[in-house]
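The values are calculated or read from the model by the stated rules, or taken from the named source; none is laboratory data. This structure is a prediction, so every number in the text was calculated from the model and none was measured. Backbone-built Cβ (ideal geometry, glycine too); neighbour counts: all protein chains shown. When the accessible area is computed, the model is the full protein with side chains, heavy atoms only, and any ligands, DNA or RNA have been set aside. Shrake-Rupley method; radii C 1.70, N 1.55, O 1.52, S 1.80 Å.
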Amino acid sequence: MQAFIDDIISNFRPDLETTLRKRLAGQRGWGFGTRRRLSSDPLYKVFELFKGKQGKRLLGVMAMKSKVVEGTFRIYDYLYFGNIKRSRTTVFEFTSKALALSRFSIKPKSTLSSVKELFITSPPLFATTPEFNERYEIHPQDREAIKIDLNEDFLDHVGDFPDWTYEGYENALIAYQPGKSLSVEGLKKEKERFETMCERLINGRSASEFV
């Protein structure tokens, strides 16, 4: 019911941030959609971010081709309704035929993981930078496949920017900060960073070069 009411209100009175994104998309020549149900989206059920929850929507969906790497980018806010309030998260998405990723996620390192490392030593998947090792942990579905899918250039770039979560599977990659919705100025800045990161994912040095 909350999602239904929110849909009606947005049809008559779009929120300011969605209006600003529509204006930006028009200025840049990007595709734009005001609102759509997540269940009608191609990536529905693909990523952990979208599992569970209720009344799931995508808001202010901007779509554009990349000028530096083969593929398509989308930027949108993922909206869902909880028991008390609604939550909104800005998502950066990249899809490309050049990708064939096994399922993985990269998340900020938890306190529990940091404590475990004091007592349990396991061989690292990659020769990553100290910044990445301090800030993040990789959760691969296939430890051997991930060594082929990812590379140090990509992971080094990830490590330079704390507090993000990344998920990848098949031909798609997403990045987000749970519960954080970015302003138009913020997403313009992060789009450039995300585009650079995706270019490194496709063209960076292979992990096999370091083994």
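Quick look at the values:
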{"item": "Selected residue (only one of E190, E167 is within 24 Å of A25 (Cα to Cα) and open to solvent by less than 40 Å² (accessible area, probe 1.4 Å))", "result": "E190"}
{"item": "In region 82-100, residue surrounded by the fewest Cβ atoms within 10 Å (Cβ to Cβ) [restricted to those that are of a type in the set (K, R) and part of a strand (DSSP E or B)]", "result": "R86"}
{"item": "L155, sole failed condition from (1) open to solvent by 30 Å² or more (accessible area, probe 1.4 Å); (2) at pLDDT 90 or above", "result": "(1)"}
